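Step one of this worksheet: look at the structure below.
The values are calculated or read from the model by the stated rules, or taken from the named source; none is laboratory data. What you see is a predicted model, and the numbers here were worked out from it, not measured in a lab. Here the Cβ is made from the backbone with ideal geometry for all residues, glycine too, and neighbour counts use every protein chain on show. Each accessible area value is taken on the protein alone, full model and side chains, heavy atoms only, with ligands, DNA and RNA left out. Shrake-Rupley method; radii C 1.70, N 1.55, O 1.52, S 1.80 Å.
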Amino acid sequence: MPHRYAIRVLEAANCIILGKDRELRLALACLIARGHLLIEDLPGVGKTTLAHVIARLIGLHFQRIQFTSDLLPADIVGVSIFDREASSFRFHPGPIFSQLILADEINRATPKTQSALLEAMEERQVTADSETHPLPEPFFVIATQNPSHQIGTFPLPESQLDRFLLRIRLGYPDRSAERALLMGEDRRELLERQPAVIQPDALLAMQQAAHAITVSERLVDYVQALLATTRHSPELAAGLSPRAGLGLIAAARAWALIEGRDHVLPEDIQTVFPHVAAHRLHTAGDGRSVTPEALGQLVRDVPVV
Amino acid sequence: MRDTRAPTPAQFGWLLAAVTATLAPHAIELPYWLAILCASLIAIRSALLWRRGKPPHQLVIVLVAVAAGIGVRFEFSHFFGKDPGVALLAVLLCLKLLESRTTRDLRAAVLLAYFLQLGLFFYNQTPGIAALALAGALLTTTTLLSLEDAAARPVAQLRTSAVLLSQGLPFMLVLFVLFPRVQGPLWGLPSDAYSGMTGLSDTMTPGSISQLGLSDAIAFRAEFDGTPPPPSQRYWRGPVLTRYDGRSWRPGFSTIAREPRYEPSGRAYEYRLTLEPHNQPWLLALDFPAADIPKTRYAGDFRLLAEQPVRMRTRFDLRSYPATAVGKVEDAIVLAEAQRLPANVNPRSRALAREIATEGAGPSEILALTLERLRGLDLTYTLSPPLLGTHSVDEFLFDTRQGFCEHFASAFVFLMRAAGVPARVVTGYQGGEINPVDGSLVVRQSDAHAWAEVWLVGRGWVRVDPTALAAPSRIESGLSAALPDWDVLPLLRRPGMDWLRDLRHRWDAVSNTWNQWVLGYNPDRQRDLLERMGFPQPDWRTLAMLLGVSAAGLMLLLLAWAFAQRRQHDPLDAAWTSFSRKLARHGAARHPWEGPLDYGKRLAMTFPEHAEPLRTISEDYARLRYRIGPADPHSVRLLARHIRRLKLK
């Protein structure tokens, strides 16, 4: 039962990351929808822990890449080194050849390095020296980004942001969750002891099940109305792309699976919509990213039929 | 061309049903052989359709057509006018069925069928005929629909057709109200326009009124403002008969003037009279009409006359004064005519009259004595009196002693004249029945009556009803009460048929309304209506403009409605909308952007005592709506029922 797997992962994850059930669900939905996740927040709110937890609970091979301004593309994808004995170049795979990558502070690296990662994310393969190396399956990238106004960052261009299915913010924990965090055990130790609750092939099963979830005509009507509203809104610089529409439906399917339904409801769309749309939309005047309030208003402009 | 495709059996079936429904009401008007021919042609075509046989050879069809044409020529002796025209069209439509091979042929037959539905109104325009024509139009429209979409379900097609017709209804009303009216029967040719009208004639022979007594047909209706006069005062005056030739009575000398010859006095009754056409000028007003009734004239014998014979159902607003004294001063000619008797008839009655004349001192005494003698003769009132010979009054008074009102009136007037008192016969209607459904007074042909008037010095013409001697209840309670049990009576006059009479009353009320509002809508009333709407003296341009504007307005309304209805066709949407409406009345309308589950959750919080059903309904809706494929109709009905039964405190 794919839905049960999701519940099992969430129950375990909630014991380690406190008070972040919704964000955990969204992260899992992103994984189930075969998308990549962007977490944008201040340092220290648990971005890394979240990536760790997911990798651990599903039993995925995990790699963390700390992005810095001097990081080179080869540091990510790997290099071909001449092997004397074999008299040929041998490819040494980089850290990207893992099932779950945490690309920490992605906006600290140069655009060139960023694009190397993003290309690999999109194509799920790496080409080095005219040789193609497929990436492992499942392949999931969680990129974290500091708020872009911090010094020494290269903000990701819009076209690159589009590669991420969802963007979430973790934010500060609420009072009781923070108290439990402060008084409880060290999260890292807790994580060390935590065994995997499902296997990677269970994740594949969930991904397949999500793909089979019903999207009715009426729901597509609603999604199209929503997309059209973003495109006609005078407050936005540009509307959502068809790719964003596909992402919206994929994410909503995954969300419906986690909710235990075999069909997508407008509520699912409404839940994932801010996370799918926020990093792809910019306001018309100053080009800043849209606020959650603006997105909420946008959803209210579209009647559910 | 797709029109050359062969029609499917279903399409043909619809057409056959439409043609049958169209022609069936025509059957009574068609010559019987033609009706049989049409029926058998339809039957043959149906049999061919059933057994998938081949239609007959073209030559056979042509031969039948020619033969039918010749038959029609013989039957009507010409081809022009509505009767031969309709007859020919009917038989051609049936033949068209036989030769139809393509959907295009079916379309032609459909057009013919529409025309023949219109043709039903050439003969009569009762609500029943209107309903039959509508049924025919419904089936014919369904045929057209099936030609467009052969795959649709029959019930759905019927429903669509009904919806289409009802959408046409407002346009029909606008056209009815605003289309310029033409005076007179539009389709009637003079020769056949006024045939078949029944009513009083201006001659009376023994048996002429008892013949009418068998007819249930309505003579006129009267709607009184306030209480109608009592039955004993309901004398509706028709022809006044003075000349007597020993057998029949005819009208005598009478003047016609713009003013009545009397001063109306006493209590007045205002009423509206709706007269069925009888092709005679007299209006059958209640005695005695007021002096200022427009478009009428006054006869010297106190009849109220129309300017032309009444050939259409017509309404008159009248006022009558039953207590008026009339004819105190009377023409010598009239009085002389009122005393004249043919020689050598009824010797026994003459002897009786002489006896009375010597006994009585003056006209009043003679009148009283005559009535007394008549009462002493023990006469019987009956609808079917024995036939009388030459001396009809003698035979009636002394031999058969059975008679209808005309016998009584005739004998009484004879006796009075023989005794030297001026007297005359008045025919008309007496009584009438109040329809309990709409309160109008219905007077039927069976209420036809004959009574007498006697001229007394100083008092003028005095009404005497000799029938009351033998059958007082005829005057008070109508015909049925007065007749002996064994007599033949029209069905509706028989006591013990109350339920039937009640039904009849209801139907009368319906057809009266129909007559007043549909058939009675003539140029005058159209003008009145338009004037009241603020268009004084409308000419055809105003009418055309009004028509155009109203039609365009209706069109826009219909479009708007269709737009609003588009989504509501889905029963699931309708159920969900009604759910939201129901809760809106409790202040919890669904926000337009709100999904079903969110709405359900919010409702459960707003109405904690109903949380369970509210959540179930919204969850059921969400599942039915957003699962794949069309929702299962049974579940949708179930959900709709849950929503209907949901009761909030």
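So, for segment B:2-151, what is the accessible surface per residue at a probe of 1.4 Å, expressed in square angstrom?
Details: 7340 Å² over 150 residues.
Counting only protein heavy atoms, the per-residue value for segment B:2-151 is 49 Å².
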query = Hey, rough spin-label estimate for residue B:62 and residue A:42, points 7 angstrom out along Cα→Cβ, what's it come to in nanometres?
reply = 10.3 nm
Cβ neighbours within 10 Å from other chains - mean over A:76-82 = 0
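In chain B, which whole DSSP H runs stretch at least 20 Å along their own axis (Cα) and average 0.5 or higher on the Kyte-Doolittle scale?
Values: long enough: B:9-23 (21 Å, 1.19); B:32-51 (28 Å, 1.43); B:58-76 (27 Å, 1.91); B:82-99 (25 Å, 1.35); B:103-123 (31 Å, 1.00); B:127-148 (31 Å, 1.39); B:154-178 (36 Å, 1.48); B:498-514 (24 Å, -1.25); B:540-565 (37 Å, 1.53); B:611-626 (22 Å, -0.88).
Flagged H segments are B:9-23, B:32-51, B:58-76, B:82-99, B:103-123, B:127-148, B:154-178, B:540-565.
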With 10 Å bins from 0: P(r) over segment A:213-300, alpha-carbon pairs, percent = 18, 52, 25, 5, 0
ask   = In degrees from 0 to 90, rounded to the nearest 10, what is the angle of the helix A:47-58 Cα long axis to the longest principal axis of chain A?
value = 80 degrees
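As a check on your grasp of the helix formula, calculate [θ] at 222 nm for chain B: sum -39500 (n - 2.57) over DSSP H runs of n ≥ 4, divide by the residue count, round to the nearest 500. Spell out each step's value before the answer.
Numbers: 23 runs with 317 residues, N = 649.
It lands at -15500 deg cm²/dmol.
Could you state the per residue volume, in Å³, of the convex hull enclosing the Cα atoms of chain A?
On the way: hull volume 46.0 nm³, N = 305.
Convex hull volume per residue, Cα atoms: 151 Å³.
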ask   = Expressed as cubic angstrom per residue, what is the convex hull volume of the alpha carbon set of segment B:1-89?
value = 121 Å³
ask   = Quick one: if you take sqrt(5λ) for each eigenvalue of the C-alpha gyration tensor of segment A:114-263, what semi-axes come out, biggest first, whole angstrom?
value = 29, 24, 23
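Could you order peptides B:112-119, B:291-298 by the average number of other Cβ atoms within 10 Å of their residues, highest first? Mind showing how you got there, number by number?
Numbers: B:112-119: 19.5, B:291-298: 14.4.
Taking the mean over residues of other Cβ atoms within 10 Å, the ranking is B:112-119, B:291-298.
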20 Å-binned pair-distance histogram of chain B (Cα, whole percent) = 15, 33, 29, 17, 5, 0
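Any idea of the accessible area per residue across chain A, 1.4 Å probe, to the nearest Å²?
46 Å²
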task = Sequence neighbours fewer than 8 away in the same chain don't count; with that in mind, list the lysines whose C-alpha is under 28 Å from residue B:54.
result = B:96
query = What residues have an amide H closer than 5 Å to that of residue B:440, excluding those fewer than 5 places away on the same chain, when H is modeled at 1.01 Å from N in the peptide plane?
reply = B:435
ask   = When all protein chains stay in place, what accessible area (Å², nearest 10, 1.4 Å probe) is found for residue B:245?
value = 90 Å²
key: Probe 1.4 Å, protein heavy atoms only - accessible area per residue of segment B:570-645 in square angstrom   = 54 Å²
Sequence-distant aspartates and glutamates (8 or more away, or on other chains) whose Cα lies within less than 12 Å of residue B:649 = B:609
query = Roughly how big is the B-A contact, given as buried accessible area in Å² (both sides, 1.4 Å probe, nearest 100)?
reply = 1500 Å²
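Could you calculate, for segment B:208-493, the ratio of the Cα radius of gyration to the Kirkwood radius, expressed as Rg to Rh?
Details: Rg = 18.3 Å, Rh = 19.3 Å.
Taking Rh as the inverse mean 1/r over Cα pairs, Rg/Rh reads 0.95.
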inquiry  = Suppose we compare each residue of segment B:574-616 in its chain alone and in the full protein complex with a 1.4 Å probe; which ones drop by at least 10 Å² of accessible area?
reply    = B:590, B:592, B:593, B:595, B:596, B:597, B:598
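What is the projected area of the convex hull of the Cα atoms of the protein assembly as shown, averaged over all directions, in nm²?
Numbers: hull surface 259.4 nm².
With the hull built on Cα positions only, its mean projection is 64.9 nm².
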request  = Give the range of the longest stretch in chain A that excludes all trypsin sites (Lys or Arg not before Pro) found in loop regions by DSSP and having at most 11 other beta-carbon atoms within 10 Å.
outcome  = A:85-287
Folded to 0 to 90 degrees: helix A:2-16 orientation relative to chain A principal axis, Cα = 80 degrees
message = Going by amide H atoms built from the backbone, whose H comes under 5 Å of the H on residue A:141, apart from near neighbours?
response = A:37, A:101
remark   = Helix A:111-123 sits off the longest principal axis of the Cα atoms of chain A, rounded to the nearest 10 on a 0 to 90 degree scale, by 70 degrees
key: Residues along segment A:257-299 losing 40 Å² or more of accessible surface when the other protein chains are present rather than the chain by itself (probe 1.4 Å)   = A:263, A:265, A:267
ask   = Using modelled backbone amide H atoms (1.01 Å from N, in-plane), which distant-in-sequence or interchain residues come within less than 5 Å of residue B:428's amide H?
value = B:238, B:449
request  = At 25 °C and 0.890 mPa s, grab the translational diffusion coefficient of segment B:2-151 from Stokes-Einstein with a Kirkwood Rh over Cα pairs, rounded to a whole number in µm² per second.
outcome  = 157 µm²/s
ask   = If Lys and Arg each add +1 and Asp and Glu each add -1, what is the summed charge of the other residues whose beta carbon sits under 15 Å from the beta carbon of residue A:74?
value = -3
message = With a 1.4 Å probe and all protein chains kept in place, how do B:533, A:121 rank by accessible area, largest first?
response = B:533, A:121
